[in-house]
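Nothing in this text is a laboratory measurement; each read-out follows from the coordinates by a stated rule. Since the model is a prediction, treat every value here as computed from it, not as a measurement. Cβ atoms come from the backbone with ideal geometry, glycine included; neighbour counts cover every protein chain shown.
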Amino acid sequence: MRIPLTRALVLVGAGVALLVWLLFWGVPSYLDRRAASPPSAGAETAAEGRKINATLFFVTPDAQGLVAVPREVPYGATAAEQARHIVAAQLGPAPASLHSAIPQGTALGGVFLSDAGEAFVDLSPEAAANHPGGSMAELFTIYSIVNALTVSLPSVRTVQILIDGREVETLAGHVDLRHPLPKNTTWVKAQ
């Protein structure tokens, strides 16, 4: 039984389109939901009360750089769960005399880690909508998250920021967010 050439091309084209959709939209969103799902009751009980030391980054009092701040965060049974705890702590309040680089109202939607050492951090729309703007403020927002994960988790090499589950070109018009970003401590100052 022979299939006409045009029909075969249509079938192949549909298969390729489905594969592209799954790779870029279907699978990562499923994995984000899976990585963000709460741990089982047994894992939660075992990790209850355990903490790890992480390094978080906050804006200096003069708003001219970032400062690395050690902080205890809850222990995560998996790398994705640990990454989620670190980002949640980074989104929390800053220590006295320092400022948070994260726009007010920003919530964490999820964290996904790839086998290649890439972390995908999904932030709520407030991260962009409530951003004060300016290139330095945008750099501080992005690299407080990128550096917190890449410094605190050796398995994370790069971080891509997503907004509301989607890739965005930029947060406030200055930094290209279409690709995962590596650690950059250019703006980190000694405290």
For the stretch 126-136, Karplus couplings with θ = phi - 60° (6.51, -1.76, 1.60), whole Hz, Gly/Pro x: 4, 4, 8, 5, 9, 5, x, x, x, 5, 5
Relative frequency of Cα-Cα separations exceeding 18 Å in the stretch 77-123, percent: 34
Residue 168 long-range amide H proximity, modeled H, under 5 Å: 163
In Hz, Karplus ³J(HN,Hα) per residue of the stretch 178-191 (6.51, -1.76, 1.60; θ = phi - 60°; x = Gly, Pro): 6, 9, x, 10, x, 4, 8, 9, 3, 9, 7, 10, 6, 8
Beta bridges by DSSP in the stretch 85-186, antiparallel share as percent, to the nearest 5: 60
Integer Hz, Karplus 6.51/-1.76/1.60 couplings in order for the stretch 69-83, x for Gly and Pro: 10, x, 8, 7, 10, x, 6, x, 5, 10, 4, 5, 5, 5, 4
Length released on extending from residue 69 to residue 169, taking residue separation times 0.36 nm less the Cα-Cα span: 33.1 nm
Cα gyration tensor category, rounded, prolate or oblate, for the stretch 59-191 with a/c compared to 1.5: rounded
Full-stretch length increase - residue 114, residue 183 - with 0.36 nm per residue and alpha-carbon distance subtracted: 23.2 nm
Per-peptide average of other Cβ atoms within 10 Å, ordering 80-91, 56-67 highest first: 80-91, 56-67
Neighbourhood charge, 12 Å Cβ-Cβ cut-off, centred on residue 179 and excluding it, Lys, Arg +1 and Asp, Glu -1: -3
For the stretch 143-188: rounded, prolate or oblate by the Cα gyration tensor [a/c cutoff 1.5]: oblate
